[in-house]
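Colleague: Pasting a structure here, questions to come.
The values are calculated or read from the model by the stated rules, or taken from the named source; none is laboratory data. No experiment lies behind these values; they were computed from the predicted model shown. Reconstructed Cβ throughout: ideal geometry from the backbone, glycine too, with neighbour counts over all protein chains shown. In case anyone asks, the SASA skips ligands and DNA or RNA and just uses the protein heavy atoms, side chains included. Shrake-Rupley method; radii C 1.70, N 1.55, O 1.52, S 1.80 Å.
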Amino acid sequence: MIADLRRIVGAAQVIERPSALLAYESDALPGYRRRPALAVFPGSREETVAVLRRLAADGIPFVARGAGTGLSGGALADDCVLLGLHRLKRVLEIDPAGRTATVEPGVVNATLTRLVAPHGLHYAPDPSSQSACTIGGNVAENAGGPHCLKYGVTMNHVLRATVALPDGEVVTLDRGDTGGYDLLGAFIGSEGCFGVVLDVTLRLTPNPAAIITLLADFTRLGDAAAATSAIVAAGVLPAALELMDHATIDAVERSIYAAGYPADAAAVLLIELDGAAEGLDGEADRVEALCRASGARGIRRATDPAERARLWQGRKKAFGAMGRVSPHLVVQDAVVPRTQLAALLEEIAAIGERQRVRVCNVFHAGDGNLHPNIPYDADDPDEVARVHAAMREIMERCIAAGGTITGEHGVGLDKLPYMEALFTPPTLEAMCSLREVFDPERRANPGKVVPVHACKEWHAAPSARAAGRTST
Amino acid sequence: MAPNDTRELADFLSETTDGLRIVGAGRWLDAGNPVRAMHTLRLERFAGVRQYVPEDLTISVGAATTLAELDNVTRPHGQWCPLLSWGDDSGTVGATIATATAGPFAASLGRPRDLVLGLECVDGLGRVINAGGQVVKNVAGFDLTRLMTGAWGSLGVITRVHLRLRARPAADETWVLHGDPAALDAFLRGPHAPLAALQLGSAASTASVASFGAVAVAAGADSVHRRLGLDPSARWLLRLGGNAADVNAAVKQLQQLGDCTQHDANIWTLVREHCAPPASATQWDWSPLARRVKHQFDPRGILNPGLLGERA
Ligand SMILES: Cc1cc2nc3c(=O)[nH]c(=O)nc-3n(C[C@H](O)[C@H](O)[C@@H](O)COP(=O)(O)OP(=O)(O)OC[C@H]3O[C@@H](n4cnc5c(N)ncnc54)[C@H](O)[C@@H]3O)c2cc1C
Ligand SMILES: Cc1cc2nc3c(=O)[nH]c(=O)nc-3n(C[C@H](O)[C@H](O)[C@H](O)COP(=O)(O)OP(=O)(O)OC[C@H]3O[C@@H](n4cnc5c(N)ncnc54)[C@H](O)[C@@H]3O)c2cc1C
């Protein structure tokens, strides 16, 4: 079989050596490591389909991978064939008049925006990993980002997709607008379990006429959370509304990404307003007043691009900055109703204290999408245990508050243990039914998203190494 | 058959082998193919607001709640549910989601698919499915919410819906444009995105219609003008919403583009009742994948049999 794969993609694009596979043992969440049996890197759509057909012939499971920036352990190929798609990076069409672009899955998110910038357009979903993550990974994760508060997540921007089902059949999925099930909607966010994205047609968004970025500075974390809720409840819809707590500010300001945030603040809110120039100043005044009424100590207003970029750099590089604090980092991704944010942040702080771990909060406050991060040392078993206990407690609180366990990073491996707390057995079974439609043999990203035992007739996927051996 | 609650409905669906015709308010039942059903499944007992926290801008309602009631409840809080569908407001939320009916505001305020955060439904096997959630962002598990939205009840009976709300715009003005269609094209490409744009009459459709979510009402244009009480030179109906400065600037731009007059906002009620572009479930795409979906969720074919034209 390996010989066949080499014939399809070229000898250099198949990796078998354990030392070379090491690079693919984890994604951006280094707490999980799984060794692929083999890695294959097709260079075109045709090669991708041929690889899938060849794997199907032997019943071999596989895991698609984009840039590997996932934060839920989703792209790990435990004993499977890792199918790297970063070489599929052609931009097939840009239609500035119709405001759409069709691209292959390996195109990097930020590259697309750079390419369409001359037309006054951009691709709105902007994960903080946008300089590295791929459109295919974005579609598979239904990725969000700071500007998704106003502009919506990946789901709201994908018009059509061509995908290869796990057996190699190529189908076009659309939104069902013209009479049909919304198979595209079902596919987006399926975390590589339904098939492989071959190309997607995306909606492009006109750049706003004007932008104002505000940095509101708070001496109490709860006040910043309350301000968030007040702004949204007042009917203002900022383009972005991000919160960073003291621990995060500290990490950022002591790193090369220092953005000039007030070092002694308990929290800052980074608020961006955009739209037509005429009404924007008034809107910013309103937001300022709401922040002050919630207890803001001071507010900075950036209107020139350089200062705005500086304020954003700290936010977008906050995860990286935490690398200074400890060698490892876990990132949680829960969502709660916005009115519960203040209470939840207090509980998270209490959990952190009780478990003696340092929690850094940096998150999409406008969406209620929390990202408690815990830097830790993976070589300290006692600390690892406390980190896990803290994570579990945080998740339980978020579920109890009417929230969910992931707002944008996906379930992957990391959030599997919470799926049964969130969904009833019939609902999980129905999810398995949906998967059955696309991947009846369960060879695409096996063992992810839905706990194996939650599906009535689930059978474990065969080992790729074993299958590969018998047929080489 | 009019079940009292989800449990009763689930018990019934897990046992019956007869075809069922699902009915909300029953206002738009003939939009598909004839349904061959033994029973009528009425959902009137699934009415009412279950949870509403205005500060969160979300609401959870029983499927039989009417669009009118939803509006009555949210209006005092300066909010609305952008599911301002075609037809009138006597239809139910469940049916609007089940049919994915998107009215003239879909392009700016969101289509049903963008507004449903989660739902409860009972599928053809009697499984009570709680899809999605009540928060505005959620990627936990596979997306059954999207699957059920627009499935015309052929995969499950929707019993409860969690929706995203929006703030009503501070300024909300309706303008009629008599000018040249190309001028409107320039407007739509500018910084002032309207809440709704309706092209009246069968004039050569501009690029705007397709690219900007503007809605064209071409067929029977004359009678549309008459029903809306507009003179025949009216080419476009625009609804501008946002903060006052914004809307003023938009109006100024419109006035530079051509001849326009302000109109009473009540006209949108008439628009929704009389201008709906033909939409129905008669042209269903039964791809092999779609058939597999149907088989997974309603293997006995008891839900709205025949509505989507599937062969028995
Ligand atoms: C006269 C008129 C014309 C219309 N024309 C259009 C149009 O051209 N285009 C357009 O997009 N919309 C149109 N609509 C849409 C309509 O406004 C909405 O779909 C909705 O308001 C209908 O609500 P209902 O409760 O009366 O639906 P019903 O007529 O009761 O049901 C509509 C369909 O949805 C199914 N259904 C109902 N409730 C559920 C449920 N809880 N779970 C699963 N399935 C369910 C039914 O089986 C049926 O197939 C029209 C409405 C009217 C009254
Ligand atoms: C610093 C940092 C910041 C981040 N910020 C955000 C953020 O703001 N918002 C957000 O949503 N996420 C964020 N993420 C998470 C991550 O970047 C996103 O989930 C992204 O979409 C993953 O893309 P990728 O190309 O790296 O995919 P990978 O990590 O390679 O894969 C992710 C999943 O997608 C599947 N997959 C990949 N390509 C395909 C394909 N072509 N077809 C089918 N399935 C495929 C994989 O099987 C896997 O399940 C962040 C990550 C980091 C490291």
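Colleague: Just one of B:Asn266, B:Asn304, B:Asn243 is within 23 Å of the chain's Cα centre (by Cα) and in contact (Cβ under 8 Å) with a residue 24 or more places away in the chain; which is it?
Modeller: B:Asn304
Colleague: Kindly indicate the residue of the stretch A:49-73 that is open to solvent by less than 10 Å² (accessible area, probe 1.4 Å) and under 20 Å from A:Glu141 (Cα atoms) and also nearest to the chain's Cα centre (by Cα) among those meeting that condition.
Modeller: In this case the residue turns out to be A:Ser72.
To keep it simple, each residue is scored yes or no on (1) among the aromatic types (Phe, Trp, Tyr); (2) surrounded by fewer than 24 Cβ atoms within 10 Å (Cβ to Cβ); (3) free of Cβ contacts under 8 Å to residues at least 24 places away in the same chain; (4) not in a loop (DSSP other than H, G, I, E, B).
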position	(1), (2), (3), (4)
A:Gly366	no, no, no, yes
A:Pro375	no, yes, no, yes
A:Gly407	no, no, no, no
A:Gly410	no, no, no, no
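Colleague: Taking A:Ala226 as meeting all but one of (1) among the aliphatic types (A, V, I, L, M); (2) away from ligand 2 (no atom under 14 Å from the Cβ); (3) without any contact (Cβ under 8 Å) to a residue 60 or more places away in the chain, write down the number of the exception.
Modeller: (3)
Colleague: What is the one condition in (1) hydrophobic (A, V, I, L, M, F, W, C); (2) open to solvent by less than 10 Å² (accessible area, probe 1.4 Å); (3) more than 10 Å from ligand 1 (Cβ to nearest atom) that B:Val136 does not satisfy?
Modeller: Only one criterion is unmet by B:Val136, namely (2).
Colleague: Scan (1) touching a strand residue (DSSP E or B) at 6+ places or on another chain (Cβ under 9 Å); (2) within 9 Å of chain B (Cβ to nearest Cβ); (3) assigned to a helix (DSSP H, G or I) for the single condition A:Ile394 breaks and write down its number.
Modeller: With (1) touching a strand residue (DSSP E or B) at 6+ places or on another chain (Cβ under 9 Å); (2) within 9 Å of chain B (Cβ to nearest Cβ); (3) assigned to a helix (DSSP H, G or I) applied to A:Ile394, the lone miss is (2).
Colleague: Sticking with this structure for a sec: Can you confirm whether the stretch B:236-243 contains a residue that is part of a helix (DSSP H, G or I) and closer than 22 Å to B:Trp80 by Cβ?
Modeller: no
Colleague: The conditions are (1) more than 12 Å from ligand 2 (Cβ to nearest atom); (2) hydrophobic (A, V, I, L, M, F, W, C); (3) over 30 Å from A:Ile231 (Cβ atoms); (4) within 12 Å of chain B (Cβ to nearest Cβ), and A:Leu165 fails exactly one of them. Which is it?
Modeller: Exception for A:Leu165: condition (1).
Colleague: Right, here's the next one. Which members of the stretch A:375-410 meet the condition of being within 15 Å of ligand 2 (Cβ to nearest atom) and at pLDDT 95 or above?
Modeller: A:Thr404, A:Ile405, A:Thr406, A:Gly407, A:Glu408, A:His409, A:Gly410
Colleague: Out of B:Leu240, B:Leu289, B:Leu308, I need the residue that is within 12 Å of chain A (Cβ to nearest Cβ) and within 16 Å of ligand 1 (Cβ to nearest atom). Which one?
Modeller: Among B:Leu240, B:Leu289, B:Leu308, only B:Leu308 is within 12 Å of chain A (Cβ to nearest Cβ) and within 16 Å of ligand 1 (Cβ to nearest atom).
Colleague: Listed residues A:Asp199, A:Asp285, A:Asp274; which is away from every other protein chain (no Cβ under 14 Å) and among the charged types (D, E, K, R)?
Modeller: A:Asp199
Colleague: Return a yes/no flag: does the stretch B:9-32 have any residue that is within 12 Å of ligand 1 (Cβ to nearest atom) and at positive phi.
Modeller: Yes; the residues of the stretch B:9-32 include at least one that is within 12 Å of ligand 1 (Cβ to nearest atom) and at positive phi.
Colleague: For the stretch A:149-218, give me every one of the strands (runs of 3 or more DSSP E) that falls completely inside it and has 3 or more residues that are closer than 30 Å to A:Arg300 by Cβ.
Modeller: Those strands (runs of 3 or more DSSP E) span A:210-218.
Colleague: Within the stretch B:81-104, restricting attention to residues that are more than 8 Å from ligand 1 (Cβ to nearest atom) and under 16 Å from B:Val271 (Cβ atoms), which residue is nearest to the other protein chains (Cβ to nearest Cβ)?
Modeller: Here the residue is B:Pro82.
Colleague: Next question. Can you pull out the residues in the stretch B:275-291 that are crowded, with 17+ Cβ neighbours inside 10 Å and either of a type outside the set (Gly, Ala, Ser) or within 16 Å of ligand 2 (Cβ to nearest atom) (or both)?
Modeller: Result: B:Cys275, B:Trp284, B:Leu289.
Colleague: Considering only the stretch A:195-206, state which residues are in contact with an Asp or Glu (Cβ under 9 Å, 6 or more places away or on another chain) and at negative phi.
Modeller: A:Val197, A:Leu198, A:Asp199, A:Val200, A:Thr201, A:Leu204
Colleague: OK, next. Would you confirm whether any residue within the stretch A:319-336 is away from ligand 2 (no atom under 16 Å from the Cβ) and in contact (Cβ under 8 Å) with a residue 12 or more places away in the chain?
Modeller: Checked the stretch A:319-336: at least one residue is away from ligand 2 (no atom under 16 Å from the Cβ) and in contact (Cβ under 8 Å) with a residue 12 or more places away in the chain.
Colleague: Test A:Gly106 against the stated conditions and say whether it is over 30 Å from A:Ala12 (Cα atoms), part of a loop (DSSP other than H, G, I, E, B), of a type outside the set (A, V, I, L, M, F, W, C) and within 8 Å of ligand 2 (Cβ to nearest atom).
Modeller: Spelling it out, it is not the case that A:Gly106 is over 30 Å from A:Ala12 (Cα atoms), part of a loop (DSSP other than H, G, I, E, B), of a type outside the set (A, V, I, L, M, F, W, C) and within 8 Å of ligand 2 (Cβ to nearest atom).
Colleague: Could you give every pair whose Cβ atoms fall below 6 Å, whose first residue belongs to the stretch A:135-155 and is in contact (Cβ under 8 Å) with a residue 40 or more places away in the chain and within 11 Å of chain B (Cβ to nearest Cβ), and whose second residue is more than 10 Å from ligand 2 (Cβ to nearest atom) and of a type in the set (D, E, K, R), counting only separations of at least 6 or pairs across chains?
Modeller: A:Leu149/A:Asp367
Colleague: If you don't mind, there's one more thing I want to ask. For the stretch B:153-164, check the following and say yes or no: at least one residue is closer than 30 Å to B:Leu230 by Cβ, in contact with a helix residue (DSSP H, G or I) (Cβ under 9 Å, 6 or more places away or on another chain) and either more than 9 Å from chain A (Cβ to nearest Cβ) or not charged (D, E, K, R) (or both).
Modeller: No, the stretch B:153-164 has no match at all.
Colleague: What single numbered condition from (1) modelled with pLDDT of 95 or more; (2) at positive phi fails to hold for A:Leu269?
Modeller: Only one criterion in (1) modelled with pLDDT of 95 or more; (2) at positive phi is unmet by A:Leu269, namely (2).
Colleague: Another question about this same structure. Assuming B:Asn72 fulfils every condition listed in (1) in a loop (DSSP other than H, G, I, E, B); (2) over 27 Å from A:Thr427 (Cα atoms) apart from one, which condition is it?
Modeller: Here B:Asn72 clears every test but (1).
Colleague: While we're on this one: Pick from B:Leu147, B:Leu67: which is away from ligand 1 (no atom under 11 Å from the Cβ), touching an Asp or Glu at 6+ places or on another chain (Cβ under 9 Å) and among the hydrophobic types (A, V, I, L, M, F, W, C)?
Modeller: Answer to the check: B:Leu147.
Colleague: Quick check on the stretch B:244-267: of everything there that is charged (D, E, K, R) and surrounded by 14 or more Cβ atoms within 10 Å (Cβ to Cβ), which residue is farthest from A:Val236 (Cα to Cα)?
Modeller: B:Asp259
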